[in-house]
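Below you'll find the structure, written out as structure tokens, and then a few comments.
The values are calculated or read from the model by the stated rules, or taken from the named source; none is laboratory data. Quick caveat: nothing in here was measured; it's all calculated off a predicted structure. Remember, those area values only see protein heavy atoms, side chains included, never the ligands or the DNA or RNA. Shrake-Rupley method; radii C 1.70, N 1.55, O 1.52, S 1.80 Å.
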Amino acid sequence: MSEWLNEWWEEQDADHAWQQQHQLEQQKQQEERQRIKNILLASGCMFIFFLLSFAYYIKI
């Protein structure tokens, strides 16, 4: 009984460690996606600003 209980506890600990690692990886992926979205948004805004500036320059 004792051996079975020890094995069960070790299995629970291993599952818990795996879940924590999985959550950490998901959080890192989410942060990376957010970073990419921010970069794309900033690039888009700069591009639009460039187009507007260029259009204004041609108009003069």
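Within the range 19-32, can one find any residue that is modelled with pLDDT under 90, part of a helix (DSSP H, G or I) and of a type in the set (Lys, Arg)? Steps first, please.
Step one: filter the range 19-32 for residues modelled with pLDDT under 90, giving 19-22.
Keeping just the survivors that are part of a helix (DSSP H, G or I) gives 19-22.
This time we only want the ones that are of a type in the set (Lys, Arg), so: none.
Among the residues of the range 19-32, not one is modelled with pLDDT under 90, part of a helix (DSSP H, G or I) and of a type in the set (Lys, Arg), which makes the answer no.
For the residues Trp9, Trp18, Trp4, the requirement of being aromatic (Phe, Trp, Tyr), open to solvent by 100 Å² or more (accessible area, probe 1.4 Å) and within 25 Å of the chain's Cα centre (by Cα) singles out Trp18.
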